[in-house]
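Inspection log for the structure reproduced underneath, given as structure tokens.
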Amino acid sequence: MADLAPDERLRRLELTVTRRLDGLLHGRYRGLLPGPGSETAGSREYRPGEDEVRRMDWAVTARTTVPHVREVDADRELTTWLLVDASASMEYGTSTLDKRELAVAAVAGVGFLTAGVGNRLGAQVLTADGLRRFPARSGRVHLLGLLRALLGAPRTGDPPDPRGPGRAGGRAATPTPGLTDGLAGLQRVATRRGLAVVVSDFLDELPDDPDTPPPWAAALRRLAARHQVLAVEVTDPRELELPDVGLVTLLDPESGRRREVWTGDPALRERYARAAAAERDRVRRALRRAGATHLALRTDRDWCVDVVRHVHEQRRLALAPAGGRGGAA
């Protein structure tokens, strides 16, 4: 898709979303996540590890002596806020898409699956030029404008945009914001309870100490305290394992540091795979502890199928009886 003109890429992406996802998802499965809603629709038994304590129905719990949570109908109007990581590390890709393009596809899927009468979509995008904001609006034209802006977001090595954040009015450029800054900004604008979607590789600000949570974890937890949060983790297979291709130069796109590595060493490739797996596990644990729902997308897989599988799994969990968990998926 990268070799196509922006408008052609946008048309192809729109066809993929509207035809494939529309064909794969039907009826109640068209929603991205079971909505938190706002209108009470009865109670059911509490499911440890799945239900939020703030939804406890204390009156029913006291009457039955069994913990219950309130069930609610989905809100008629939904506001979805997106935080899209378009930093340097998202430009990497060894398959048909790079991570940045896969992130754009994820945004298109979110826009389609949350579309509806009165529903609005807003976004903040982390780019090399700073944090770019898109107000929450409804309609296809707004969604296509957002996707077009994401496809045209500056990349590493592009000349700086004189109109970019921090340059207007002759001001000096501000430091490039990180994922923590983006989450804090999203919390400031997402004042009404709704759906927050974070699309990133979540490699930003990972501490060297494996026991130390990343700084963005606390910001994500604060966001999840008010909103239903979906974390879309975007990865590439070469980030998980090294191929045996001899001498290669590895580049950290965020810091610019380079290192030459001899990939013909099986022990080195094994150490790399173990370290990469541990790093991704750290990210997933941090997402889970923050209270976010996790959707993993990879550049070497069919992202439409992964989105559909995620939607069906979320519906299965939401509709499963309290004592019926643990069966085959």
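The values are calculated or read from the model by the stated rules, or taken from the named source; none is laboratory data. All values derive from a computational prediction rather than experimental measurement. Quick reminder, even Gly has a Cβ in these numbers, built from the backbone with ideal geometry, and neighbours come from all protein chains shown. Just so you know, the surface numbers come from the protein's heavy atoms only, side chains and all, with ligands and any DNA or RNA stripped out. Shrake-Rupley method; radii C 1.70, N 1.55, O 1.52, S 1.80 Å.
So which pairs qualify, if the first residue must be in region 283-301 and touching a residue at least 24 places away in the same chain (Cβ under 8 Å), the second must be open to solvent by 60 Å² or more (accessible area, probe 1.4 Å) and among the charged types (D, E, K, R), the Cβ gap must be under 7 Å, and the two must be at least 6 apart or on different chains?
The qualifying pairs are Ala290/Arg221; Gly291/Arg221; His294/Arg284; His294/Arg288.
Please determine, by comparing only the residues of region 181-203 that are farther than 19 Å from Thr80 by Cα and not acidic (Asp, Glu), which one is least open to solvent (accessible area, probe 1.4 Å).
For region 181-203, the residue satisfying everything is Phe202.
Can you name the condition, by its number, that Phe202 falls short on among (1) at negative phi; (2) under 18 Å from the mean Cα position of the chain (by Cα); (3) in contact (Cβ under 8 Å) with a residue 40 or more places away in the chain?
Of (1) at negative phi; (2) under 18 Å from the mean Cα position of the chain (by Cα); (3) in contact (Cβ under 8 Å) with a residue 40 or more places away in the chain, only one is false for Phe202: (1).
If only one of Val245, Val198 is aliphatic (A, V, I, L, M), within 25 Å of Val307 (Cα to Cα) and at pLDDT 85 or above, which one is it?
Being aliphatic (A, V, I, L, M), within 25 Å of Val307 (Cα to Cα) and at pLDDT 85 or above holds for just one of Val245, Val198, which is Val198.
Determine whether region 268-280 contains at least one residue that is of a type in the set (A, V, I, L, M), in contact (Cβ under 8 Å) with a residue 40 or more places away in the chain and not in a strand (DSSP E or B).
There is at least one residue in region 268-280 that is of a type in the set (A, V, I, L, M), in contact (Cβ under 8 Å) with a residue 40 or more places away in the chain and not in a strand (DSSP E or B).
Please tell me if Pro214 is exposed (fewer than 14 other Cβ atoms within 10 Å of the Cβ) and under 26 Å from Asp300 (Cβ atoms).
no
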